[in-house]
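Asks: Okay, handing you the structure first.
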Amino acid sequence: MRISIQPISFFIGFLAATIFWWLMGRIKPLWGEIKENWQNSRDEAKTRRSLGVEENHRRTTYRQAQGMHLAAALFSLDEIIEIPKLLAPPARVEPGVIPNTEDIVTMTIPYMPSLPELEAYYQAPTLTLEQVLSSGMNLVITGQPGSGKTVSLAYLASLAANHDPILGLFSDKVPFFIHIADLHLPDGDIKDVLNPILNAASEGAPIFDLGRLPKFIDHTFTISRALLFLDGYDELPPEEQTKVTEYLKELLKAYPGNQVITTGAYDQLGDLIKLGFEPLALAPWNASQCDNFIARWGHLWSHTIGNESWSHEDQDGQENIDPLLINTWLNINNQTLSPLEITLKLWAGYAGDSLGPGVLDAIATHIRRLAPKGIPLAALETLGMQVALSTQPIFDSRSARDWVKNFELPEEELSEEENELAAERFEQDPDQDQTSSDNDQGSDAEDQSQSKTATPSSGLLNKMTDSGLLVSHPDHQMRFLHPVLGSYLAGNAIASVNAESSLLEQPDWTGKWLTMRYVAAHGDATMLADSLLTQSTLPLHIDLFRVSRWLRDSPQEAPWRGKVLSQLANLIQTEGIPLTLRAQAVSAFYWSGDPGAGPLFRQFLQTQSFELIQLAALGCGAIQDSQAEDLLVSILSGPSPSAKRACTLALVAIGTQTAMDSVAQALLSGDEDLKRAAAEAIANDPKEGHAMLKEGVTLEDIMLRHAVVYGLARVKEDWALEALQSVQLDDDEWVVRNSASEVLESRNDISQLLPKPLPPPSETPWLIAYAGKQGLGISPGSPATDVLIAALKSEVEDERLAALSYLKRMPSESVIAGLYEVMYADDPEMRESIFRVLSEFASAGIKLPVPESLAVV
């Protein structure tokens, strides 16, 4: 059969098909755009529907955050806060990228996040919390107990809750502020990783929002708008930390793009490092911050608290205290105090209920202030001891009732109506009412069968919760208001019953070390110190520095002190080890307040070792040893730039008229390097030093003006910025103008200091080029460990340093051996950088071998 094709029909069909496929080709991109717009519209609709829930959640979060500080009974957080800052870490080295200008402190004092007191004293560069949040990285804020980690989270959560524009693009993120105890993570797998967050968020939510919270939280995490502020990780023992990190791993895998900020102890971060969290250390307060906080406290107290007593009824009539009179007394010997300790010192001073002038007295005073009336101190100490010995910072109230049952007091007879009200209060479900959850903590079927005259709500634990000493959480969980309070009580009790050996058998956790510190303050810690000092070895000497934390509060006659101080002194003198390790020993001496530090540092100033002179000068300045002035001045004419920088910093810190005159003379008549060191050092003195800088920028000496530019760069005040901008535009000499431009650019560009994700090795140009020179290749997805270890010995310094950014995520035996080999060679900068990497390994729980075992020392 023959098929006949009609030309006209064929042409029409061909034309129609051509037009159809042409239209489809044009519509296909449009269809993708329509689909994308539809999805965006759907997301916007979801957001609009959840807007009411979101705003209520933000208000709840803000109220919660405002009460997350020790003096919440007196002031809101916004009223009293001294805004926390973070020590700026060393800039990551990237081959081909010009680094920002370093200042005198970063060139003279190593980065020491585990003992940051010396850096803070000399006003090392800092970052704001808002700046590090803008990095988008998951962060762990580290610091000693009482350093302000919870306040840091509360501050950021408050900003986010209020859409504060200071957060920039992150102001639209939704904050979730949760304590670890409120997550109540099960031992097994979690079916829905958002359920713990939902349960915690539901505790304070309005009842009419409870039905809409699940969709709101799911939508927020799905579109990566969540900021999870997780408090209390630093308080947990290792087993519980592992449970939390496993949960965070699953959460971030299921909902990538959300940001988590938590708290940690620098030497016990668990698996957070493996998850990509960046540790950043809180900067201890410097003198200016202490002054500001004390003045703010005095103003608020005199205007809001007035005659109200916070300790005993017999003080109800005391007169208002003029802050100008009391602040002079309170502003003494605060250099080494934590924000918590300063707060308790001020509270005791203004309330007039202090038990004594020391730090331990301030803590004891606050415990007495919070203790329920009629409860013996032995009951509180027993509870603290059981929490410490059982490694349960978050404990079950039902178990805790047994710990303190011997201290339960006979209940008063109540009327039948009062008993009924008490029973109703006691039986409330903690999941229904967070504020009353403490009343059924520790109850069980046997407790509820007690006679009518027994009042469960007035039990010991409930009284402690009502008074604020304990905090209750869902599912019968409790904890002390602050770890310092619980560990103080535990230390006193353990010292009195000689139970110290039980602490040595525990795994490493914050409660163990903090309790030991207060054991040493209340009793004889010789056995503890001897055991830990025996274990303390290179490369990090972690246990030595843990014991050094006991020195400040322990009795001067304690027999173990001499051993600790001797080991610290030996460490300072040891050549060939990282300067960071030796500087940590200087920081420990400074923090200890030991009277023998001055003579020791002066002796070191007279040696022939420039590194030892540098460290000793910093020590003399930190303890403000005026007897060292002549020695420090004589070193200014020596050959070592690092020693001279340290001496100028020390002389300004000592601050006597003769010391300041010596630095002024160095600024006027020294060589170029000494002029710059003097100018940068006097920036630490807000009175006489700043006046010198204001005058110096107007003088005719070109080298002096050039030096003053670098001094002005360290002053974070508006007048200094205006002076630099004026120099940049108006100075007659191009070298001075260029320097002003340079420091202004560094001042405005902090990108090199912020944490940021590393590109994969296979996408890193410098590493690919280096591998090519070695005849090697890097496959996609490969860790390139061998190439990176080889790069440690590259002839290019930036490549050696850049390799460490990758190797710090690879704590294998071969990597550690390669790092040891380079650290104990003759490259000082690599030595310091590798020491920081090894410190991070140790903080993640990696047991580092003794260098001698690898035959590298």
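Asks: May I ask which residue of Ala499, Leu754, Thr18 lies farthest towards the positive end of the charge dipole of the chain, with charges of +1 (Lys, Arg) and -1 (Asp, Glu) on Cβ and the Cα centre as origin?
Replies: The Cα lying farthest towards the positive end belongs to Thr18.
Asks: Which whole number of Å³ per residue matches the convex hull of the alpha-carbon atoms in the range 603-692? Mind showing how you got there, number by number?
Replies: Numbers: hull volume 6.8 nm³, N = 90.
For the range 603-692, the hull spanned by Cα atoms encloses 75 Å³ per residue.
Asks: May I pose another question? For the chain, what is the Kirkwood estimate of the hydrodynamic radius, computed as the reciprocal of the mean inverse distance between distinct Cα atoms, to one decimal in Å? Walk me through the numbers before you get to the answer.
Replies: Numbers: mean 1/r = 0.0332 Å⁻¹.
With all distinct Cα pairs of the chain included, I get 30.1 Å.
Asks: Which value, in debye to the nearest 20, describes the size of the charge dipole of the range 460-578 about its Cα centre when Lys and Arg Cβ atoms bear +1, Asp and Glu Cβ atoms bear -1, and nothing else is charged?
Replies: Details: 9 positive and 11 negative charges, 46 e Å.
Approximately 220 debye in magnitude.
Asks: Dividing the convex hull volume of the Cα atoms of the range 167-231 by its residue count, what figure in Å³ per residue is obtained? Kindly include the intermediate steps, with their values, before the conclusion.
Replies: On the way: hull volume 6.5 nm³, N = 65.
It comes to 101 Å³ per residue, whole-number rounded.
Asks: For the chain, give the magnitude of the charge dipole about the Cα centre (Cβ charges: +1 Lys/Arg, -1 Asp/Glu; no others), in debye to the nearest 20. Show your work: numbers first, answer last.
Replies: Details: 64 positive and 115 negative charges, 552 e Å.
Dipole about the Cα centre, nearest 20: 2660 debye.
Asks: Along the charge dipole of the chain, pointing to its positive end and built from +1/-1 on Cβ of Lys, Arg, Asp and Glu, which listed residue (Gly775, Val105, Met692) has its Cα farthest out?
Replies: Farthest along the dipole direction, towards plus: Gly775.
Asks: In Å², and per residue, what accessible area does the range 338-401 have when probed at 1.4 Å with the other protein chains present?
Replies: Working: 1960 Å² over 64 residues.
Result: 31 Å² of accessible area for each residue.
Asks: Suppose every K and R has +1 on its Cβ and every D and E has -1 on its Cβ; what is the size of the dipole of the range 765-857 about the Cα centre, in Debye to the nearest 20?
Replies: Working: 8 positive and 13 negative charges, 70 e Å.
About 340 debye.
Asks: Also: For the chain, what is the calculated [θ] at 222 nm in deg cm²/dmol (nearest 500), taking -39500 (n - 2.57) for each run of four or more DSSP H residues and dividing by its residue count? It would help to have the intermediate numbers written out before the result.
Replies: Values: 42 runs with 468 residues, N = 857.
Value at 222 nm, helices only: -16500 deg cm²/dmol.
Asks: For Lys373, give me every one of the lysines with a C-alpha distance below 30 angstrom, ignoring sequence neighbours fewer than eight places off in its own chain.
Replies: Candidates past the 8-residue exclusion: Lys345, Lys405, Lys452, Lys463, Lys512.
Asks: Let me ask something else about it. Going by average Cβ neighbours within 10 Å, how do the peptides 385-396, 180-191 rank, with the highest at the top? Kindly include the intermediate steps, with their values, before the conclusion.
Replies: Values: 385-396: 21.0, 180-191: 14.7.
Result, highest mean first: 385-396, 180-191.
Asks: What's the extension gain from Asp786 to Ser467 if we count 0.36 nm per residue and subtract their Cα-Cα distance? Write out the running numbers ahead of the final one.
Replies: Numbers: separation 319, 0.36 × 319 = 114.84 nm, distance 5.92 nm.
So the chain would gain 108.9 nm between Asp786 and Ser467.
Asks: Using the Cα centre of the range 635-703 as origin and beta-carbon charges of +1 (Lys, Arg) and -1 (Asp, Glu), tell me which of Ala683, Ala646, Ala664 is placed farthest towards the positive end of the dipole.
Replies: Ala646
Asks: Beyond 29 Å between alpha-carbons counts as too far, so tell me which of Lys85/Lys215; Lys249/Lys756; Lys191/Lys808 fall in that bin.
Replies: Values: Lys85/Lys215 36 Å; Lys249/Lys756 19 Å; Lys191/Lys808 33 Å.
Flagged as over cut-off: Lys85/Lys215; Lys191/Lys808.
Asks: Here is a further query. With just the Cα atoms defining each centre, how far is the range 648-717 from the range 74-125? Give it in Å.
Replies: The two parts, judged by their Cα centres, are 21 Å apart.
Asks: Quickly rank 677-684, 115-122 as a protection proxy: mean count of other C-beta atoms within 10 Å, highest first. Present the calculation step by step, with values, prior to reporting the outcome.
Replies: Working: 677-684: 28.8, 115-122: 23.8.
Peptide ranking by packing, descending: 677-684, 115-122.
Asks: For His179, what residues show an amide H to amide H distance below 5 Å, using hydrogens built from the backbone and excluding near sequence neighbours?
Replies: Answer set, sorted by chain and number: Asp231.
Asks: With θ set to phi - 60°, apply the Karplus curve 6.51 cos²θ - 1.76 cosθ + 1.60 along the range 664-669 and write out the HN-Hα couplings as whole Hz, x wherever there is a Gly or Pro.
Replies: For the range 664-669, the Karplus curve yields 4, 5, 5, 5, 7, 10 Hz.
The values are calculated or read from the model by the stated rules, or taken from the named source; none is laboratory data. Remember, it's a predicted structure, so these values are computed and weren't measured experimentally. Here Cβ is always computed from backbone atoms with ideal geometry, including for glycine, and neighbour counts include all displayed protein chains. The accessibility values were calculated without ligands, DNA or RNA, using every heavy atom of the protein model including side chains. Shrake-Rupley method; radii C 1.70, N 1.55, O 1.52, S 1.80 Å.
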